[in-house]
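Each remark here refers to the structure printed beneath this line.
The values are calculated or read from the model by the stated rules, or taken from the named source; none is laboratory data. Note that the structure is a prediction, hence the values are computed from the model and not measured. Note that we place each Cβ from the backbone using ideal geometry, even for glycine, and neighbour counts take in every protein chain shown.
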Amino acid sequence: MTKKEFVGWLYQNNFMISPNLLKIIPEDFNFDDFFETKGKFLEKQEDVLMLNEDLLKNLLKEIKRVEVQEVNTNVEIVSNYWSPSIKKEVKHFVSYFRKRYEKIKSYLLTRTELQGVISLSKVERKVEKEPVAIIGVVLEKNITKNGHVILTLEDPTGKVKVLIHKNNKESYALVGDLVLDEIIGITGVMGENIVFADALIFPEVPLMEFKKCEDDVCAVFTADFHVGSDMFVEEDLERFIGWLNLEFGDNEQKELAKKVKYIFVAGDLVDGVGIYPGQDKELVIKDIVEQYDKCAEFLGRIRKDIKIIICGGNHDALRIAEPQPPLNPDFAGALYKLKNVKLVTNPSIINIHKVNGFQGFNVLMYHGYCFDYYVNNVESIRTNGGYDRADLLMEFLLKKRHLAPTHSSTLYMPDLDKDPLVIESLPDFFVSGHVHHDVVVKNFKNITLIGAGSWQKMTSFQEKLGHTNIVPARVPVVSLKTRQVKVMDFRGDKDE
């Protein structure tokens, strides 16, 4: 069908055309596709109807949405923390650390080097130069005047000193990444009231299967909208939503948008209220409910065939202590009304696309509040990019098998039954936010690590903290069929 035939069809069906209407029809408009689908949207009029710009734009949107391929999708919560509201006592903390120790010890015991492990209370029975294998919590880390490192390890039975000699290059190289309260294994030989370490063993995740699905579908990972902030890049988010709805981008980009079936948002949907000194001066929406209402307005315009999974962050109206519950319906009630939105805890593990016999993909969502601590206290992260390298932070936590191994790295809620920050279920994807730097993607043991971007320009508070490399409005899109990643850039002014 040509443009002339299109106009003729409109007149035959009692449609009048407003002035300049044809000028707004996109150059790539497919009149044949319109001809095949027009009956669903334009019935022959009994009376003459004016086809104006607004009506045509709405019509084009509906036709584009029909073009989106219908694919079975599925979202299941694998790990979502819930705890009764009770007064925390000393026994909760004791049980919390004991359960953590037992769980991570079980991971370490799968390592062949630690098959002969003994409790720390039995170490003193060993004679000098006798081999020894132990597991314990790092209680202290000190450097001697000769440059050696002495650790104090603790388990439920006792304590022991461990010396890592500076000439033991392989083990000594790992010392900079040792943090207090993590649980490690050590093999070595017995000395006089001390163990001389040969090797350090961590409970890190094993090599995963690099799963792919048959359906040609994609998942989008993002975080840190900060709706309500005067630095919130609203126009860029509008472009992102327009792209998802096939209203923005070239043909190739629209074809990619059609494949998007899942969106993960890793916390900080709103800028919050009273988060940092002087924040009220940088808010354009000062009411927390109105911030969430505005956020729901944006998300509510996204295609309904896309499932949106959201966890909280430290700017959201939640307790800071982790795990954080799902967003509070008293504040974020508008989000609960969106049928394609699922609200989960921070952290949580979500399984997506478990369809047609395929086992699906596990996605570990964690906002990343502890990242500030580890950027400052882990040598390999601090000296290799710091906040620019969210992938190194996530890799570090996977090696420790815990999302906040050091007691002071985050606030937490002790539990009698388990430590919910232990990484028990193994993920295929690990997505985080918080740092606001550019998107970063890395493969670690076939786990796709994604440091999601943000939607906020640098604030004065971030500038004071040294966060000057802020890059908003960039979004990684992952093909679940190939596991390839494409980063989309929605910045209106890329030079800023």
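Some notes on this structure:
- Meets criteria (closer than 23 Å to residue 476 by Cβ, of a type in the set (Gly, Ala, Ser), surrounded by 18 or more Cβ atoms within 10 Å (Cβ to Cβ) and free of Cβ contacts under 8 Å to residues at least 24 places away in the same chain) for residue 368: no
- For the stretch 325-374, a tally of residues being among the β-branched types (Val, Ile, Thr) and modelled with pLDDT under 95 returns 1.
- Tally, over the stretch 165-182, of residues that are within 19 Å of residue 398 (Cβ to Cβ) and touching a Phe, Trp or Tyr at 6+ places or on another chain (Cβ under 6 Å): 0
- Qualifying residue in the stretch 120-139 (condition: out of contact with any Lys or Arg (no Cβ under 9 Å at 6 or more places or on another chain), of a type in the set (Asp, Glu) and either surrounded by 14 or more Cβ atoms within 10 Å (Cβ to Cβ) or closer than 24 Å to residue 415 by Cβ (or both)): no
- The single condition among (1) over 23 Å from residue 225 (Cβ atoms); (2) free of Cβ contacts under 8 Å to residues at least 60 places away in the same chain; (3) among the acidic types (Asp, Glu) that residue 438 does not meet is (1).
- Yes/no for residue 264 being within 24 Å of residue 318 (Cα to Cα) and either of a type in the set (Phe, Trp, Tyr) or surrounded by fewer than 24 Cβ atoms within 10 Å (Cβ to Cβ) (or both): yes
- Filter pass, residue 137 being in contact (Cβ under 8 Å) with a residue 40 or more places away in the chain, touching a Phe, Trp or Tyr at 6+ places or on another chain (Cβ under 8 Å) and β-branched (Val, Ile, Thr): yes
- Given (1) of a type outside the set (A, V, I, L, M, F, W, C); (2) surrounded by 23 or more Cβ atoms within 10 Å (Cβ to Cβ); (3) within 30 Å of residue 292 (Cα to Cα), number of the condition residue 245 does not satisfy: (2)
- Some residue of the stretch 235-243 being touching a residue at least 12 places away in the same chain (Cβ under 8 Å) and touching a Pro at 6+ places or on another chain (Cβ under 8 Å): yes
- The residue that is surrounded by the fewest Cβ atoms within 10 Å (Cβ to Cβ), counting only those in the stretch 184-199 that are touching a Lys or Arg at 6+ places or on another chain (Cβ under 8 Å) and in a strand (DSSP E or B), is 189.
- Scanning the stretch 110-143 for residues that are of a type in the set (A, V, I, L, M, F, W, C) and not in a strand (DSSP E or B) turns up 114, 117, 120, 123, 127.
- The residue pairs whose first member lies in the stretch 66-83 and is modelled with pLDDT under 70, whose second member is of a type in the set (S, T, N, Q) and assigned to a helix (DSSP H, G or I), and whose beta carbons are closer than 9 Å, counting only pairs six or more residues apart or on different chains, are 66/37; 67/37.
- Among the residues making up the stretch 195-220, those that are farther than 23 Å from residue 403 by Cβ and among the small types (Gly, Ala, Ser) are 197, 199.
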